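Peer 1: For reference, the structure I am asking about is given below.
The values are calculated or read from the model by the stated rules, or taken from the named source; none is laboratory data. Here the structure is a predicted model, which is why all the values come from computation and not from measurement. Cβ atoms come from the backbone with ideal geometry, glycine included; neighbour counts cover every protein chain shown. In case anyone asks, the SASA skips ligands and DNA or RNA and just uses the protein heavy atoms, side chains included. Shrake-Rupley method; radii C 1.70, N 1.55, O 1.52, S 1.80 Å.
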Amino acid sequence: MCGKCHADIAGKYSKSLHYTVQGFQQSISRRFSKNEDMIFKKNIFGSSCKSCHASCGDCHVRSPSVEGISAGLIEGHKFVKKDEGKTCAFCHGGRVYPEFTGEYGAGVDVHYQKGMTCMDCHKKAGMHGDGNMYLSKNETKARPKCKDCHKTGGETKATVKLAHSKHDGKVSCYGCHSQGEYRNCNDCHIGKGSTSKPGFILGKNPKDEKTLTTLRIIPIVRDTFSKAGIKMELFDAVTDYKATAVHNIKKRTDRTRSCDVCHVEKKNFLTKELLIKNGSKANENLIFDMKPLKIK
């Protein structure tokens, strides 16, 4: 119906990740053999994972439905341009939105404190899509980056300029500017409920092992799909942690104030002893061996 007047937007949206949820499928399928992937797509993805895709009305008329539960109409029967607390927050309220607003974890994100909202960074093209099909958010062109607003090279303080130049391309912005603990999920999807715990994890980026970044535990275990006959034959080829964009940013943190927090204390770094039990063997590849500072 919306497409009758908004044909361009509706056409692009039908290929967007918000609608296709291909990111979930591709992320999970990396652990499957070809036969297991066929079983997953036929018996599980369509009836379970794909039920989360959002229609136009799920964001502009009512809050989206998550597992059959919805917060209802946003503002009566009116079409609402945006109301992030009732749309973005409902689907992304498990971790992103409460971290952003300070309801969970270390504290309020500095951008939220200054009155910014989701749409200040995540533009329309990111929400509606650009007309191209993508397999994951990492492929999209509209994905926001810290450097879109915070250019390096114009720092006024010599110490800040030095820190940025030394860490550029080696440490993600979140690695230093996340102010503390964020939500990590454990024991999910095994028929016994799930638990979440606050934590802060630093390790190699699974997609770029030359970069140190914040990691988040992925809620999947070896027997997640065992009832469907899927053993996840490639489970040990994929890490149980992923690089995460933490939404509790602060300008000054313990790490920006003291080099010793990382280079001497090695605080919050992933170690072999801290790896999740019975996890993927690939997790060991994310352990970052922090070298001490060279004093000239």
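Peer 1: Calculate, axis by axis, the spread of Cα positions in region 1-113 along the three principal axes, and write the results as whole Å, longest axis first.
Peer 2: For region 1-113, the Cα extents along the three principal axes come out at 47, 45, 25 Å.
Peer 1: Would you work out the charge dipole size for region 212-267 about its Cα centre, treating the Cβ of every Lys and Arg as +1 and the Cβ of every Asp and Glu as -1, and quote it to the nearest 20 debye?
Peer 2: Once rounded to the nearest 20, the dipole reads 400 debye.
Peer 1: What GluC sites (Glu not before Pro) does region 53-157 have in DSSP loop regions with at most 12 other beta carbons within 10 Å?
Peer 2: Of the GluC sites (Glu not before Pro), the ones in loops of region 53-157 whose Cβ has at most 12 other Cβ atoms within 10 Å are 67, 103.
Peer 1: Okay, moving on. If I compute solvent accessible area with a 1.4 Å probe over the protein chains, what percent of it on region 155-296 is carbon and sulfur?
Peer 2: Looking at region 155-296 in its full context, I get 54 percent from C and S.
Peer 1: Taking the chain as a Gaussian network, Cα atoms linked when under 10 Å apart, which of 249, 276, 217 shows the biggest mean-square fluctuation?
Peer 2: 276
Peer 1: Would you list which lysines come within 20 Å of residue 281, measuring only between C-alpha atoms, while excluding same-chain residues fewer than 8 positions from it?
Peer 2: Filter leaves 204, 207, 210, 231, 242, 272.
Peer 1: While we're looking at this one, here's another question. What does the charge add up to near residue 159, with Lys and Arg as +1, Asp and Glu as -1, over the other residues with Cβ less than 13 Å from its Cβ?
Peer 2: Net charge in that neighbourhood comes out at +4.
Peer 1: Nothing charged except the Cβ atoms of Lys and Arg (+1) and of Asp and Glu (-1): what's the magnitude of the dipole of region 1-106 about its Cα centre? Round to the nearest 20 debye.
Peer 2: Here region 1-106 has a charge dipole of around 440 debye.
Peer 1: Another one. Along the positive direction of the dipole of the chain (beta-carbon charges: Lys, Arg +1; Asp, Glu -1; about the Cα centre), which of 14, 152, 29 reaches farthest?
Peer 2: Value computed over the given set: 152.
Peer 1: Quick check: Cα centre of region 259-277 to Cα centre of region 6-55, how many Å?
Peer 2: Each part's Cα centre sits 36 Å from the other's.
Peer 1: Let me ask you something else. Which Rg and Dmax, in Å, describe the Cα atoms of the chain?
Peer 2: 20.6, 68
Peer 1: Quote to one decimal, in nm, the extra length available between residue 7 and residue 285 on full extension: 0.36 nm per residue of separation minus the C-alpha distance between them.
Peer 2: Residue separation times 0.36 nm, minus the Cα-Cα distance, leaves 95.4 nm.
Peer 1: Can you tell me which of 175, 229, 102 moves the most in a GNM of the chain? Springs connect C-alpha atoms under 10 Å apart.
Peer 2: 229
Peer 1: Hey, another quick one. Run lengths n ≥ 4 of DSSP H only: what is the helix-derived mean residue ellipticity at 222 nm for the chain, with -39500 (n - 2.57) per run over all residues, to the nearest 500?
Peer 2: Theoretical 222 nm ellipticity from helices: -5500 deg cm²/dmol.
Peer 1: Given axes a ≥ b ≥ c from the Cα gyration tensor, I'd like to know whether region 150-296 is rounded (a/c under 1.5), prolate (a/b larger than b/c) or oblate.
Peer 2: prolate
Peer 1: Send over a whole-number figure in Å² for the accessible area per residue of the chain, probe 1.4 Å.
Peer 2: Ligands and nucleic acids excluded, the figure is 63 Å² per residue.
Peer 1: Let's see if you can work this out: charge +1 on each Lys and Arg Cβ, -1 on each Asp and Glu Cβ, no other charges. What is the dipole magnitude of the chain about its Cα centre, in debye to the nearest 20?
Peer 2: Computed charge dipole of the chain: roughly 680 debye.
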